[in-house]
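Data block below; observations after.
What follows draws every value from the coordinates through simple rules; no lab data is involved. Since the model is a prediction, treat every value here as computed from it, not as a measurement. As a convention, Cβ positions derive from the backbone with ideal geometry for all residues, glycine included, and neighbour counts pool all protein chains shown.
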Amino acid sequence: MRLIFIILLGFGLATAVGLGATWFTATRGTDFGTLTIGAWTARPRTGSADIDPYSRATIARSGELPIGAGDGIAFLATADDGKRPLDGRCDVIVSGVTPAARFWTLTLYDRKGQLVANSLQRYGFTSEEIVRNSDGSFAVHVASRARAGNWLPTGGIERYVLMLRLYDTPVGVATRTQRDAPMPSIATGGCS
């Protein structure tokens with residue numbers, strides 16, 4: 001009787017640990033095949049047949065539709081270059097240049113993946129509409145109060161995510177460094 005109890009306890013413990021680890025990786029993600037450049041992170045294999053099972057489970061759970069590997073790549077940022085979490089009450093500046101791409105978008109989401117509500121109904125910028133400097137660089141101000149130039153309103157939410165999608169780009173699985181893909185910097189200024 002004692003042996004049966006120990007075996008059942010072992011199976012129960014193994015089941016709990018297995019289900020807990022699966023839940024954790026499906027909700028938090030894994031670093032399998034992750035490409036990190038500065039504050040930006042991407043999973044180039046997510047839109048391909050080479051996707052790992054944990055990323056597949058995360059996509060199935062969230063309902064997200066990833067960009068196909070032949071179409072482009074999506075980079076996420078949840079913190080600035082100094083690893084400080086992006087806060088909607090602070091002034092954040094996304095500046096510099098993007099890697100070569102036919103078209104790109106920069107979009108602001110809340111932590112649940114929803115567009116951030118704001119009175120202007122401005123949720124992002126595209127490569128065709130952004131105001132650039134004479135050298136081709138740009139600066140986007142992500143802040144709760146209006147700013148001159150390229151401004152994305154945060155609505156004052158506490159935490160948010162920036163997504164930079166590059167379409168028809170050579171950036172992908174073989175990309176490793178900032179030299180291969182010059183990503184815009186993310187800097188946090190003052191907070192209100």
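Judged by the mean number of other Cβ atoms found within 10 Å, the most tightly packed of the peptides 115-125, 145-155 leads the ranking 145-155, 115-125. Amide H contacts of residue 103 (H built 1.01 Å from N, in plane; Pro and chain starts excluded): 167 sit under 5 Å, all sequence-distant by 5 or more or on other chains.
In order along segment 114-126, phi translates into HN-Hα couplings of 9, 4, 7, 5, 7, 5, 7, 6, 9, 10, x, 10, 10 Hz, rounded to whole numbers, per the Karplus curve 6.51 cos²θ - 1.76 cosθ + 1.60 with θ = phi - 60° and x for Gly and Pro. Amide H contacts of residue 152: 141, 142, 143, each under 5 Å away and 5 or more positions distant or on a separate chain (H built 1.01 Å from N in the peptide plane; Pro and chain starts excluded). For residue 159, the residues whose modelled amide H falls within less than 5 Å of its own, excluding neighbours fewer than 5 places apart on the same chain, are 88. Annotation: peptides 71-84, 127-140, 3-16, ranked by per-residue average of other Cβ atoms within 10 Å with the highest first, follow the order 71-84, 127-140, 3-16.
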